[in-house]
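Novice: Take a look at this one; I'll ask things after.
Derivation of every value follows stated rules applied to the coordinates shown; laboratory data play no part. Quantities reported herein were computed from a predicted structural model and do not represent experimental measurements. Methodologically, a virtual Cβ is constructed for each residue, glycine included, from the backbone with ideal geometry; neighbour enumeration extends over all protein chains shown.
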Amino acid sequence: MLGGFAIVTLVFCNAWLRGFAGFDLAWSLEVTSFLLLWSTFIGCAAAAARGAHMRVTEIVERLFPRTGQRVLAIAIDVIIVVLLISLIYTGYNISVHTWAQKTTVLYWPVGLLYASMPVGMAVTLIFHLYNMVFDIRNPVIPHGTHSDGGEALS
């Protein structure tokens with residue numbers, strides 16, 4: 001939230017200065033880029049921690065029995081783990097290869113900008129693995145059924 005507020009403030013102030021004072025803050029574009037990328041990838045991890053990423057379950061619930069839904073959910077979780085590991089690996093390589101380059105105004109390493117992806121995806125992976133283990137150990141029982149599989153009386 002603070003990153004988003006800082007981005008909006010920097011962009012607004014820079015636009016105001018450019019329009020009314022006739023100059024701009026050259027460093028604000030670089031800082032805004034850094035804040036935007038880091039906020040995005042850390043925000044992804046925060047959403048994973050809360051289990052807030054979007055899921056569309058209606059089709060799966062209608063087409064598969066509960067055991068099939070459970071197997072499919074675990075398979076999707078494993079695919080997500082593989083994807084996150086791939087993003088960490090790729091992001092790390094990009095970051096390492098661009099670390100020697102410097103930004104034009106602040107002279108920060110460009111690799112620091114790209115490091116947001118592997119860092120954010122690594123934190124996301126930790127939360128995803130935790131949620132995955134929790135879901136495997138604690139299967140969801142749909143409302144209206146008892147643990148023995150029978151329908152609840154209303």
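Novice: What are the ³J(HN,Hα) couplings of segment 119-124, residue after residue, when phi is run through the Karplus curve with 6.51, -1.76, 1.60 and θ = phi - 60°? Round to Hz, x for glycine and proline.
Specialist: Result, ordered by residue: 5, x, 6, 5, 5, 4 Hz.
Novice: I'd like the distance between the alpha-carbon centres of segment 85-102 and segment 2-28, rounded to an integer number of Å.
Specialist: 29 Å
Novice: As I understand it, the dipole of segment 2-137 uses +1 on the Cβ of Lys and Arg and -1 on the Cβ of Asp and Glu, about the Cα centre. Which of Phe12, His97, Gly120 lies farthest toward its positive end?
Specialist: Going by the Cα projections, it comes out as Gly120.
Novice: Would you please give the residues with an amide H less than 5 Å from that of Lys102, counting only those at least 5 places away or on a separate chain, with H modeled from the backbone geometry?
Specialist: Long-range HN contacts for Lys102: Val110.
Novice: Can you list the HN-Hα couplings for segment 8-17, worked out from phi with the Karplus curve (6.51, -1.76, 1.60; θ = phi - 60°), rounded to whole Hz and with x for Gly and Pro?
Specialist: Running phi through 6.51 cos²θ - 1.76 cosθ + 1.60 with θ = phi - 60° gives 4, 5, 4, 5, 5, 4, 5, 5, 5, 4 Hz.
Novice: A further question on this structure: About its Cα centre, what dipole magnitude does segment 2-137 give when the only charges are +1 on Lys and Arg Cβ and -1 on Asp and Glu Cβ, stated in debye to the nearest 20?
Specialist: Once rounded to the nearest 20, the dipole reads 240 debye.
Novice: Taking 8 Å as the Cα distance limit and 6 or more residues as the minimum spacing, I'd like the relative contact order of the chain as a percentage.
Specialist: Relative CO of the chain lands at 25 percent.
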